[in-house]
Amino acid sequence: MFRLKTHGDLQYYTIDEVEKTGLVKHCFTTRNGGVSENEYRSLNLRMNCDDKKENILKNYKIICDEIDVNFEDLVFSKQVHSDTIYVAERADCGNGITKPQKLDDADALITCQSGVPLAVFGADCVPLYFLDTENRVIALAHSGWKGTVLRIGEKVVRKMMNEFSSKPQNILTAIGPSIKVCHFEVGDEVAEIFLHEFGETVLEKHEKYHVDMQKAIEMQLLGCGIPKENIVNSGICTYCSSDLLFSHRKTNGRRGVMAAIMELK
């Protein structure tokens, strides 16, 4: 279960099943509790936009102090809707925030090292969490519709299995707040891609087709052996909850971003 926590003006989600392991620090941010203004109000974590950089960095410090993570050590990548997965190490700490961005096309990050906080971003796309409770491996993925079709969630699990000897039954996964089928309207061409890849159960026909990305991702995770009870679906729609969460589609792109953050203790 994704649980909304409030500390003053700051609001963020944690995942009960992940928190109970005691193995990680983690959160999913909301738009509330920061210092940014206008369309970025208020906890904007979107770099390389016309929000003031000092405000963005202050926002990072606010949320990271709350979950006891050093914001200067965060590892970012440039998300390009790919299926590229990068294995991060301590030498990568600060990449994209206090060091130049060297990861030009990674939409998923994995680490088995403690003290390496990972972050992926979204404002409708699906954030995915992975935690191997036995081998102490974590991963985060950014799964937009293109990444979902490329099966980035499944590929993260396969990489954890192949490179870190993870077993699916030991991997906790979570599907974070993202645009749901109620508002994810697509054109016929995209609908056809999802139909071919996942079947008709991921589609709803309204005036146009709507895609259920969360169901497509669940299908991927189940298909590579993750037990159903190890999949936590937030059930939260960014579009429907745009007072609390940034939504690209609701605002026609005038918005900040939220972050999924996770670090092994």
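Since every read-out is calculated from the coordinates, none of them should be taken as a lab result. The shown structure was predicted, so the numbers you read here are calculated from the model rather than taken from an experiment. Because the Cβ atoms are built from the backbone with ideal geometry, glycine has one as well, and the counts that use them run over all protein chains shown.
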Being assigned to a loop (DSSP other than H, G, I, E, B), without any contact (Cβ under 8 Å) to a residue 40 or more places away in the chain and over 19 Å from His26 (Cα atoms) is the filter here, so list the residues in the stretch 60-103 that pass it.
-> Lys78, Val80, Thr84, Thr98, Pro100, Gln101, Lys102, Leu103
Here is a list of conditions, (1) out of contact with any helix residue (DSSP H, G or I) (no Cβ under 8 Å at 6 or more places or on another chain); (2) surrounded by 18 or more Cβ atoms within 10 Å (Cβ to Cβ); (3) acidic (Asp, Glu), and Asp124 meets all of them except one; can you say which number that is?
-> (1)
Pairs returned, first residue in the stretch 126-138 that is closer than 30 Å to Phe246 by Cβ, second residue that is in a strand (DSSP E or B) and aromatic (Phe, Trp, Tyr), beta-carbon separation under 9 angstrom, 6 or more apart or interchain, are Pro127/Phe28; Pro127/Phe121; Tyr129/Phe28; Val137/Phe130; Ile138/Tyr129; Ile138/Phe130
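Among the residues of the stretch 144-195, count how many are among the basic types (Lys, Arg) and under 14 Å from the mean Cα position of the chain (by Cα). Before the answer, list the steps.
The first filter runs over the stretch 144-195 and keeps only residues among the basic types (Lys, Arg), leaving 146, 151, 155, 158-159, 167, 180.
Those left that are additionally under 14 Å from the mean Cα position of the chain (by Cα): none.
Of the residues in that region, 0 qualify.
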Kindly establish whether Thr6 is more than 17 Å from Arg255 (Cα to Cα) and surrounded by fewer than 16 Cβ atoms within 10 Å (Cβ to Cβ).
-> yes
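Hey, among Asp50, Asp92, Asp107, Asp73, which residue is surrounded by 21 or more Cβ atoms within 10 Å (Cβ to Cβ), charged (D, E, K, R) and farther than 21 Å from Val126 by Cβ?
Working: Asp50 fails: surrounded by 21 or more Cβ atoms within 10 Å (Cβ to Cβ); Asp107 fails: farther than 21 Å from Val126 by Cβ; Asp73 fails: surrounded by 21 or more Cβ atoms within 10 Å (Cβ to Cβ).
So the residue among Asp50, Asp92, Asp107, Asp73 that is surrounded by 21 or more Cβ atoms within 10 Å (Cβ to Cβ), charged (D, E, K, R) and farther than 21 Å from Val126 by Cβ is Asp92.
Mind listing whichever residues of the stretch 143-152 are closer than 22 Å to Val18 by Cβ and either of a type in the set (A, V, I, L, M) or surrounded by fewer than 24 Cβ atoms within 10 Å (Cβ to Cβ) (or both)?
As a first pass, look at the stretch 143-152 and keep what is closer than 22 Å to Val18 by Cβ: 143, 147-148, 152.
Listed by number, the list holds a single entry, Ile152.
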